[in-house]
Every structure is written in C-alpha cells, then in structure tokens.
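Report on the structure given below.
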Amino acid sequence: MAGPEGKDGEDVAEEPAADLEAGAGNKATKVHSVTHVDSIPNGGFQAWLQVAGAFFLFFNSWGILNTFGSYQAYYETELLKSSTPSAISWIGSIQSFLLLIVGAVSGPFYDAGYFRTLLLSGSILLVFGQMMLSLCKEYWQVLLAQAFCMGIGAGCLFVPSVAILSTYFTSKLASATGLAAAGSSLGGVIYPIVFHKLMPTAGFGWTTRAIGFMILATLIIPNTVMRVRVLPSTRRALLDLPAFKEPPYTIFVFGAFVGFMGLYMPFFYVQIYAIREHITTENLAFYLIAILNSASIFGRIVPNILADRFGAYNVIVPCTVISGVLCLCLMAVHSVPSIVVFVLLYGLFSGSMVSLPPTMIVRLSLQHRGKIGTRMGMCFSCVAVGLLIGAPIGGVILDAHGFDSVWIFGGVLLIAGAVITGASRVAHVGWGWAKA
C-alpha cells in the first residue's frame, strides 16, 4: 500500500524503525517506494556518491581476493613452502567462497534495513583479519586470519555494495556498477605492488600491516558517504525459492557457477607458472597479477557501458568465451612478451564476469525489486561453491599433470559457462538479436 505523498508528488512508504538505518540511528524515515521505478533518480550527486562508496567496497573485497595470486607465490616459496599448492590455494578459495556465501545472509539483512551494520561489521573484520595475518607463522593461522576472518568481512560488504546501486540507477545501472566494480581491479593493482615493493625492506609483518592501514583508510569513505535511499516495506525471507522456478534466473546461476570454477585459474597460478617455467624473472612475475588487474579496470567499465546499449547477455557471453580461449592459449605461452599480452587480454575480457552479474540479476528481477538483495545472495552463494572448489581442484591437477592441464581445466569451464549463460539468454528473450 502506498504511503503518504512526498514533496515531489511521488508515493513514499514508511519503514518500521527497526528496519531502516539510513545515516545516523534507526529513526523511522519516509522513503520512496521500492516498487516505483519512476522515483529512482538515475543520477545526481548523491547517486554518484554511492558509486564512489561502492568503488572502495569493491577495492577492499574483490580487490583483496584478486591479490591472492601474489600471496600464493610468496607462500609457496617462503612462508608456507612445506605446504602443497593445492593446500595453499584453499586459503584463497575459502576467502572467495565466504565473500560470496555470506551474501546469502547479508542480502536479506540488507533488505531488512541493516546496511549500516553490515558496512561497519565488514570493515572491522577486514582490518582485523589483515592485521592478524601480519602475525601469522603457521598454515592454520593464515587460514583463520586471511581465509575466514577477511572472507567473512568482505562478504558483509559485497552484496550491499551492488544492491544499493539498483535503488539509485535504472538505465545507467550497468555503467554505474561497472565503475564501482573497477575498484576491485584497482585494488588488485595497488595491493600486489605494495606487497612486492615493501617485502624486501619491511618484511612480511610490516608489509601486511601497511596494507591493513590502507584498507582502514579507504573504508572510511564508504562508511561516510553511503546512504540507503529506499528499502522494502516488509522483511524478506532468507531465501526466495520461487526464483528457481524462473528458467532464465536458474540457468544463469548454473552458468555462473560453472564459469567461476574456471575463472581464477590464471589469477592463482600464472605467477608461479612464470617462475617455475623460467618464463620471466621472479621480479617481473610478481607484477603479472598487477598487470592483469590493471587491464581488468577497463574490463569492468567498458563491457558495462556496452551492456547499457546492447544488453548484458550480449556482452558477457562473448567476453566469457574469449576468456576461455585465452586460458587455453596459455599452453603455448613461453616468453615474456606472450605472457604479458596474455595477462592484459585476460584481464580485459574476464572483468565482465565480476561486474555484469549483479546487473543481470537486477534485470531478471524487475518484477521483484523488493527481493533483489535476497536473489543476489542466492546467486552468489551458489557461485561461491564454484569458487571454493575450482582453485583447489586446479592445484591437484597441477601436482598430478602439470600446468597445461590446469589451463585446459579453466578454459573448458569458462567456455561451458558461456554456453549455459547463452541458454539463459534464450530462455529470457528468445533467439533474436534483441537487446538482452
């Protein structure tokens, strides 16, 4: 039922005091109805402030995850050299798994009005986990600090960072999400460089603490500027199971699950591949992840701009196919120029797999805007399983069959994910060339 009329003549809805945390306190606030698309500003200073805030949430959630390749190489050669590559990759896999699986809880919490609580809790856990990592000497300590503590913290930040944008943008949503998601790539550029540059002089402990202080400083921005504009008028369930009765949504979730199993093979293993195969010097190898993520900045922004014009499906499917082909091409990479070209191209085309899915879920949920947070959480919790098992399986394959088999594993999964996502498009709009 529509609430009292707002100043600009639009319907507003009154939220219960316990359900809204927009700014200071839990005072009952009148907000625009979540179901009234015409009331969404689709721009303006406050809307773009949310993009800036979400940018730094991505910077410290996916950005931290995109840095793990540098840690994987260091752990294998120094801190945890008695552990197998598969065992070490479980640290990054659990971190990424928790980043997404916590979305299954944080989505409904966001819908219920606990945006500010999620933001503050995630910030504290990320900074605390990074500081504790600086004290770690054993595998189980790294697992607790980096995988569990930081993974849960990042998960508290991720779904709110994308769900809030759908309440400020309509036709510009993909572009706004792409700009925000570019923060993950910039984080994946800056953090590995800081790690590599400080390690020789400061050591692992103070290098890790320095990164922790950077996380703290950059998280002050979203905690200051981000504001909830509108929330559903009723609390949502933890799950929206009827969503899985919609073929486009269900097929897309399965395609994302398969694709993400293969997505992070190069992120986790390309550095150690360059070192072990003597393709580059150890110094240059540590910059490969930074180069990959620098290209991924454009890979998150440009596809989303194109998606606003041509449709998200019509962009993500070819980008995922190209990413899979590139992963297969790693088998033929044996020189410095070729591996640098590979990481540039892979970063450019794989970026859409992180930046476009939130927009696609919104597009598939236009009749259920009040459940967008829940539906994102459900999708990301399924994708999380793919992330959890993908890299460790890659590590086992590496130990048993070598790097070529790892690249085949990743490439085939990416191409299969693209095919399944294409099937979701057909279920959504048919075979035509329409915007989708």
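The values are calculated or read from the model by the stated rules, or taken from the named source; none is laboratory data. Here the structure is a predicted model, which means the values were calculated and not measured. Here the Cβ is made from the backbone with ideal geometry for all residues, glycine too, and neighbour counts use every protein chain on show. With ligands, DNA and RNA removed, areas are computed over all heavy atoms of the protein, side chains included. Shrake-Rupley method; radii C 1.70, N 1.55, O 1.52, S 1.80 Å.
Given the condition of a type in the set (S, T, Y), without any contact (Cβ under 8 Å) to a residue 24 or more places away in the chain and not assigned by the TED database to the domain that holds S352, answer yes or no: does some residue in the stretch 175-195 qualify?
no
Out of (1) open to solvent by 30 Å² or more (accessible area, probe 1.4 Å); (2) touching a residue at least 40 places away in the same chain (Cβ under 8 Å); (3) touching a Ser or Thr at 6+ places or on another chain (Cβ under 8 Å), what's the single condition that is false for L198?
(2)
Yes or no, residue by residue, for (1) modelled with pLDDT under 90; (2) more than 26 Å from L330 (Cβ to Cβ); (3) open to solvent by 10 Å² or more (accessible area, probe 1.4 Å):
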position	(1), (2), (3)
F244	yes, yes, yes
P247	no, yes, yes
F260	no, no, yes
A285	yes, no, no
I297	yes, no, yes
A307	yes, yes, no
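I need the full set of residues from the stretch 56-90 which are more than 11 Å from the chain's Cα centre (by Cα), β-branched (V, I, T) and surrounded by 24 or more Cβ atoms within 10 Å (Cβ to Cβ), in order please.
Passing the criteria: T67, I88.
Hey, can you tell me all the residues within the stretch 262-283 that are β-branched (V, I, T) and modelled with pLDDT under 85?
Hits for the stretch 262-283: nothing passes.
Let's see how each residue does on (1) under 26 Å from L98 (Cα atoms); (2) in contact with a helix residue (DSSP H, G or I) (Cβ under 6 Å, 6 or more places away or on another chain); (3) open to solvent by less than 60 Å² (accessible area, probe 1.4 Å); (4) touching a residue at least 24 places away in the same chain (Cβ under 8 Å):
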{"residue": "L328", "(1), (2), (3), (4)": "no, yes, yes, yes"}
{"residue": "G351", "(1), (2), (3), (4)": "yes, yes, yes, yes"}
{"residue": "R363", "(1), (2), (3), (4)": "yes, no, no, yes"}
{"residue": "T374", "(1), (2), (3), (4)": "yes, yes, yes, yes"}
{"residue": "I389", "(1), (2), (3), (4)": "yes, no, yes, yes"}
{"residue": "G402", "(1), (2), (3), (4)": "no, no, yes, no"}
{"residue": "S405", "(1), (2), (3), (4)": "no, yes, yes, no"}
{"residue": "I420", "(1), (2), (3), (4)": "yes, yes, yes, yes"}
{"residue": "H428", "(1), (2), (3), (4)": "no, yes, no, yes"}
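Using the structure shown, decide if F244 is on the phi < 0 side of the Ramachandran plot and in the same structural domain as L80 (by the TED database).
Against the criterion (on the phi < 0 side of the Ramachandran plot and in the same structural domain as L80 (by the TED database)), F244 does not qualify.
Please enumerate the residues belonging to the stretch 199-228 that are farther than 23 Å from R116 by Cβ and among the basic types (K, R).
R209, the sole residue that qualifies.
For the stretch 78-191, give me every one of the helices (runs of 4 or more DSSP H) that falls completely inside it and has 3 or more residues that are at pLDDT 85 or above.
Result: 85-101, 115-133, 139-142, 150-163.
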